[in-house]
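In what follows, a structure is listed as structure tokens, so that the remarks can point back to it.
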Amino acid sequence: MSKIRKVLKNLDAPYIQTLKAVIETQSKATLAFWAIGYAEHVILPLWGKNYPHDKRPEAALEAARKWLLGEIKFPEAKPAILTCHAAAREAEGNPVPQAAARAIGHCAATIHSARHCIGLAYYGALAVAYSEVGTDAPWEEIEEVAARECGRMEVALRAVAVQNEPNPAQFKWR
């Protein structure tokens, strides 16, 4: 039985490094567009399977999208993002939706700081992996599924990436 992890921890893994390399070439707006869209289509359903009536993660993505469209300012979006993170904390003991809500919160928070978009990989890929193989699978199997999901994330980012982006976001990875 694998120990249930709440985040991918191997930050030097090739699948994380190649994704980061593409992330570093893009603007905050492009990264937010990518992260929000990916979370809506792939990660949000993992939350909804477990908490169909709890719309906090969906509201965070909607608020972030409104920010992207210039309909609201960040201070108006921030409460929805914070309540998404609260939803994740409240899902303690339920690894798939907890990781999904954490990923969604980070994706939405990309509108504040571009580096939050990596939360899609750290948490979202883990949510997908746990959903596909379960939390009892050996860690190597879980990580293999997470690596494939990070690869799909990278493909999705490359599909919306701006070639020779003149204003890439600046990163200080921790």
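Does the stretch 16-61 hold any residues that are open to solvent by less than 60 Å² (accessible area, probe 1.4 Å) and part of a loop (DSSP other than H, G, I, E, B), and which are they?
Matches in the stretch 16-61: Q26, S27, D54.
How many residues, within the stretch 117-141, are more than 19 Å from T18 (Cβ to Cβ) and part of a helix (DSSP H, G or I)?
If we filter the stretch 117-141 for residues that are more than 19 Å from T18 (Cβ to Cβ), which is where we start, we get 127, 130-141.
Still in the list and also part of a helix (DSSP H, G or I): 127, 130-133, 139-141.
Looking only at that region, the number is 8.
Name the residues in the stretch 11-32 that are in contact (Cβ under 8 Å) with a residue 40 or more places away in the chain and of a type in the set (D, E), would you?
Selection gives E24 alone.
Might you check whether a residue that is touching a residue at least 24 places away in the same chain (Cβ under 8 Å), within 24 Å of R5 (Cβ to Cβ) and in contact with a Lys or Arg (Cβ under 6 Å, 6 or more places away or on another chain) occurs anywhere in the stretch 120-141?
yes
Under 15 Å from A60 (Cα atoms) and of a type outside the set (A, V, I, L, M), is that true of T135?
Working: under 15 Å from A60 (Cα atoms): no; of a type outside the set (A, V, I, L, M): yes.
No.
Condition first: open to solvent by 50 Å² or more (accessible area, probe 1.4 Å) and either part of a helix (DSSP H, G or I) or touching a residue at least 60 places away in the same chain (Cβ under 8 Å) (or both). Now tell me which residues in the stretch 1-10 satisfy that.
The first filter runs over the stretch 1-10 and keeps only residues open to solvent by 50 Å² or more (accessible area, probe 1.4 Å), leaving 1, 3-6, 9-10.
M1, K3, I4, R5, K6, N10, listed by residue number.
Would you please list the contacts, defined by Cβ atoms under 8 Å and residues six or more apart or on different chains, that run from a residue in the stretch 75-88 that is within 20 Å of H53 (Cβ to Cβ) and among the hydroxyl-bearing types (S, T, Y) to a residue that is assigned to a helix (DSSP H, G or I) and open to solvent by less than 10 Å² (accessible area, probe 1.4 Å)?
Every condition considered, the pairs that remain are T83/A60.
Output the residue which, of all residues in the stretch 102-111 that are open to solvent by less than 10 Å² (accessible area, probe 1.4 Å) and touching a residue at least 60 places away in the same chain (Cβ under 8 Å), is nearest to L44 (Cα to Cα).
If we take residues in the stretch 102-111 being open to solvent by less than 10 Å² (accessible area, probe 1.4 Å) and touching a residue at least 60 places away in the same chain (Cβ under 8 Å), then I104 is nearest to L44 (Cα to Cα).
Against the definition (in a helix (DSSP H, G or I) and surrounded by fewer than 23 Cβ atoms within 10 Å (Cβ to Cβ)), how does A64 come out, yes or no?
On the way: in a helix (DSSP H, G or I): yes; surrounded by fewer than 23 Cβ atoms within 10 Å (Cβ to Cβ): no.
So A64 does not fit the description; no.
Out of A99, A114, report the one residue that is hydrophobic (A, V, I, L, M, F, W, C), closer than 27 Å to Y51 by Cβ and open to solvent by less than 50 Å² (accessible area, probe 1.4 Å).
Working: A114 fails: closer than 27 Å to Y51 by Cβ.
From the options A99, A114, the qualifying one is A99.
Quick check on the stretch 144-158. Is at least one of its residues surrounded by fewer than 24 Cβ atoms within 10 Å (Cβ to Cβ), more than 18 Å from E58 (Cβ to Cβ) and modelled with pLDDT under 95?
Scanning the stretch 144-158, I find no residue that is surrounded by fewer than 24 Cβ atoms within 10 Å (Cβ to Cβ), more than 18 Å from E58 (Cβ to Cβ) and modelled with pLDDT under 95, so the answer is no.
The values are calculated or read from the model by the stated rules, or taken from the named source; none is laboratory data. Nothing here was measured: the structure is a model prediction, and the numbers come from that model. All Cβ positions, glycine included, derive from the backbone under ideal geometry; neighbour counts span all protein chains shown. The accessibility values were calculated without ligands, DNA or RNA, using every heavy atom of the protein model including side chains. Shrake-Rupley method; radii C 1.70, N 1.55, O 1.52, S 1.80 Å.
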